[in-house]
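Read through the structure below, which is laid out as structure tokens, and then see the notes.
The values are calculated or read from the model by the stated rules, or taken from the named source; none is laboratory data. Small disclaimer: the values here were computed from a predicted structure and weren't measured. Positions of Cβ are backbone-derived with ideal geometry, glycine not excepted, and every protein chain shown enters the neighbour counts. Just the protein is used for accessible areas: all its heavy atoms, side chains included, with ligands, DNA and RNA removed. Shrake-Rupley method; radii C 1.70, N 1.55, O 1.52, S 1.80 Å.
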Amino acid sequence: MNTLDRFYINGKVVVITGGAGLLGKRHAEAAADGNGIVILLDISEKVIERAIEEIKARCNAGSRIEGYVVDITKREQIEHIKDRLIQKYGHIDVLINNAANNPKVEGSSLNMKNIQFENFPVSLWEDDIKVGLTGAFLCSQVFGEVMSEQKRGVILNISSDLGIIAPDQRIYRKEGLEEKEQTVKPVTYSVVKHGLIGLTKYLATYWAEKGVRVNALCPAGVYNGQHEEFLSKLVNLIPMGRMADIEEYKSTILYLISDASSYMTGSVVIVDGGRTCW
Ligand SMILES: NC(=O)c1ccc[n+]([C@@H]2O[C@H](COP(=O)([O-])OP(=O)(O)OC[C@H]3O[C@@H](n4cnc5c(N)ncnc54)[C@H](O)[C@@H]3O)[C@@H](O)[C@H]2O)c1
């Protein structure tokens, strides 16, 4: 087989959680470019509709993209969509566990202001864990079982460079603010992203003989309107001296969900401009 042909996922059903979000849409484009059937799961009908329009405009005419409102913290909703997909296509081939709560602490939004580790609310802890870890666990249970019965499938967990290293809290600090007013990267982000790597290794070995491959991708931050002060501090921590462009993970995504990576399981793939080397 030609090497490039191994990147095609012709007719494979690719489920992407949080598929209407910033990076989810780019993962969807990668899967559509590989000729897969793309299934976006997200929590709002409107956002899904807009995402499908945007993805279709950027991909080949004839790309197959659908979306469903599914709260991945609710097992019955995941099962319902699994049944619909099996009825329609007869198989589910790829799951990208991508959804997460992403409280923005590096932009102009100050929604995490005044929340330090010491006063981090249990309700926020539970909510972040519920989406980022429990959601990935439930989707892996429901869709992964289908794959193990098919004796074929791929699960890709989207972790982060912060699944490998601790956040450097100095880059989130703002001049002139008192200590208790400073913004910190939430503890849940580290716990969720490290946890996904644990889930990856567990499932990779658990399902290895069933033909289900499970890997993790650790992307670093993408440019998305962050303010200058933050950017200059962050790029200092990155050997390549810049954040990622939003397009730069697509080829790794297609590689990891296609037969191009057929001998990879349990791997943690870091794409971070070198940040975790320092
Ligand atoms: N953006 C970055 O720079 C970056 C860097 C490293 C890792 N990541 C990781 O990549 C993934 C995607 O990030 P993003 O920037 O696109 O985030 P995003 O916030 O734009 O997208 C997340 C999506 O998940 C959806 N979602 C939230 N709760 C859900 C639920 N209960 N059920 C279904 N969907 C739900 C949201 O509606 C949203 O569309 C996240 O796991 C994030 O941690 C992002």
I need a count of the residues in segment 26-71 that are touching a strand residue (DSSP E or B) at 6+ places or on another chain (Cβ under 8 Å), under 30 Å from residue 6 (Cβ atoms) and aliphatic (A, V, I, L, M).
12
Would you point out which residue out of 65, 72, 55, 81 is in contact with a helix residue (DSSP H, G or I) (Cβ under 8 Å, 6 or more places away or on another chain), open to solvent by less than 30 Å² (accessible area, probe 1.4 Å), at pLDDT 95 or above and over 16 Å from residue 31 (Cα atoms)?
72
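Within 16 Å of the ligand (Cβ to nearest atom), touching a Leu at 6+ places or on another chain (Cβ under 7 Å) and open to solvent by 40 Å² or more (accessible area, probe 1.4 Å): does that describe residue 137? Spell out the reasoning first.
Details: within 16 Å of the ligand (Cβ to nearest atom): yes; touching a Leu at 6+ places or on another chain (Cβ under 7 Å): yes; open to solvent by 40 Å² or more (accessible area, probe 1.4 Å): yes.
Yes; evaluated as a whole, the condition is true for this residue.
Got a number for residues in segment 84-105 being within 14 Å of the ligand (Cβ to nearest atom) and surrounded by fewer than 21 Cβ atoms within 10 Å (Cβ to Cβ)?
Going residue by residue through segment 84-105, those that are within 14 Å of the ligand (Cβ to nearest atom) are 95-105.
Then keep just the ones that are surrounded by fewer than 21 Cβ atoms within 10 Å (Cβ to Cβ); that gives 101-104.
So the answer is 4.
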Subset of segment 41-80, residues in contact with a Lys or Arg (Cβ under 8 Å, 6 or more places away or on another chain) and either on the phi > 0 side of the Ramachandran plot or not in a helix (DSSP H, G or I) (or both), comes to 63, 65, 68, 73
Just give me the residues in segment 168-186 being among the aliphatic types (A, V, I, L, M) and open to solvent by 40 Å² or more (accessible area, probe 1.4 Å), in sequence order.
177
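Among the candidates 251, 190, 232, which residue alone is in contact with a Pro (Cβ under 7 Å, 6 or more places away or on another chain), part of a helix (DSSP H, G or I) and at pLDDT 95 or above? Before you say what the answer is, go through the steps one by one.
Working: 251 fails: in contact with a Pro (Cβ under 7 Å, 6 or more places away or on another chain); 232 fails: in contact with a Pro (Cβ under 7 Å, 6 or more places away or on another chain).
The unique qualifying residue is 190.
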Single residue of segment 205-224 satisfying the filter (surrounded by fewer than 20 Cβ atoms within 10 Å (Cβ to Cβ) and more than 11 Å from the ligand (Cβ to nearest atom)) that is nearest to residue 165 (Cα to Cα)
205
Just give me the residues in segment 35-52 being more than 9 Å from the ligand (Cβ to nearest atom), surrounded by fewer than 16 Cβ atoms within 10 Å (Cβ to Cβ) and closer than 24 Å to residue 133 by Cα, in sequence order.
45
Let me confirm something: among 26, 6, which residue is more than 11 Å from the ligand (Cβ to nearest atom) and either among the hydroxyl-bearing types (Ser, Thr, Tyr) or in a helix (DSSP H, G or I) (or both)?
6
Within segment 142-164, how many residues turn out to be more than 10 Å from the ligand (Cβ to nearest atom), of a type outside the set (Val, Ile, Thr) and open to solvent by less than 70 Å² (accessible area, probe 1.4 Å)?
7
